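Input: a single structure, listed below in C-alpha cells.
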Amino acid sequence: MASDTVKTAPIVGVLALQGDFAEHEAALRSFGLPCRRVRGARDLDGLAGLVLPGGESTTMLRLLDAEGLWQPLASALRSGMPVLATCAGMILLAEAVENPRQRSFAVLPITVVRNGYGRQLHSGTFPLRSSVLPAGTTGTFIRAPRITAVGADCEVLAWRDDDPVLVRRGPVLAACFHPELERRHPVYAMFAGEIGGRTATTAECGA
Ligand code: GLN
C-alpha cells in the first residue's frame, strides 16, 4: 500500500482506556481538531498533543499496565507535547497522590487528595476565580481531586474558593474539573489554541 503520509491537521491523542474520553473527542472536534484514541503504544506515534480524561484513576493505572502503556505514555508525557489532563487524568500526572497513596507519572509538581471534596455530596458546578479565564467561567466537579500543594514552577490559573483547581507547567495543563462537559469551555479553547499552533506529519486519524 502506498504511504499516505501528508501534512495535515494536528492529531490529538485521547487516552481511551476508561472514563469520559468520548466527551473529550467531541470537545476536540468542536474545535476542528482530529483525534485518535490511545489504547496501545502505537497509538502514540506522531501526536501533536494528548488528553488524559476523567474517570477512575485506579482503574486507569491497572489498564495502563495491562496494555503495556505505562512506559510509552511516560515517555510521551516527558516529550514536551501539549497535554490536557482532567480530574482522574490530573491525578495520573501529579507528583504525589493521597487518599490513598498511589503511583503516578509525576510530571506535575502538585499534591492531590483523591475525592478531596467528598464523593457525590460536593459534586456540582462552581464559579472559578481566575485572571486568565473570562469572568463568570464555571467548572463542573465530579468526585474531584483536591490540590493541596503546588510546586514553585507550577502556575495556578484558577481557584475554586481558595483552592487551586487549574494548573499549568510548560505545555501541561491540568484541571480538577471537567471543561470537556461544556461546549467550548475557555480551558478547552486554551488547549486547542496550543495545539492549533503546531503541525503534524501524519494523515492518520482513527477513532
Ligand atoms: N475520583 C476519581 C479518582 O480518584 C476521579 C473522578 C473524576 O475523574 N471525575 O480517580
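Look at the Cα gyration tensor of the stretch 94-137: its axes a ≥ b ≥ c give a/c of at least 1.5 with a/b at or below b/c, and that counts as oblate.
Protection proxy ranking for 108-116, 140-148, using the average of other Cβ atoms within 10 Å per residue and placing the highest first: 140-148, 108-116. Estimated from the Cβ-Cβ distance and a Förster radius of 22 angstrom, the FRET efficiency linking residue 123 and residue 41 is about 0.05. Taking 7 Å steps out from each Cα toward its Cβ at residue 131 and residue 184 produces label points 2.8 nm apart. The shape of the stretch 25-81 comes out oblate: with a ≥ b ≥ c from the C-alpha gyration tensor, a/c is at least 1.5 while a/b does not beat b/c. Using the rule -39500 (n - 2.57) for each DSSP H run of four or more residues, divided by the residues of the chain, the 222 nm mean residue ellipticity is -6000 deg cm²/dmol.
With the alpha-carbon atoms of the chain aligned to their principal axes, the span from lowest to highest coordinate is 56, 38, 31 Å, starting with the largest.
Arranged from fewest to most other beta-carbon atoms within 10 Å of their beta carbon, 154, 176 become 154, 176.
The ellipsoid that matches the Cα gyration tensor of the stretch 44-165 has semi-axes, each √(5λ) in whole angstrom, of 24, 17, 13, with the longest given first. Segment residue 9..residue 71, full-extension length gain: 19.6 nm, with 0.36 nm per residue of separation and the alpha-carbon distance subtracted.
Axis of helix 186-196 versus longest Cα principal axis of the chain: the two differ by about 30°, to the nearest ten degrees. Using a simple spin-label model with pseudo-atoms 7 Å out from Cα toward Cβ, residue 79 and residue 149 lie 3.1 nm apart.
Computed from the coordinates by the stated procedures, all read-outs in this text should not be read as laboratory data. Owing to the predicted nature of the structure, the values given are computational and were not obtained by experimental measurement. No Cβ is skipped: glycine too gets one built from the backbone with ideal geometry, and neighbour counts run over all protein chains shown.
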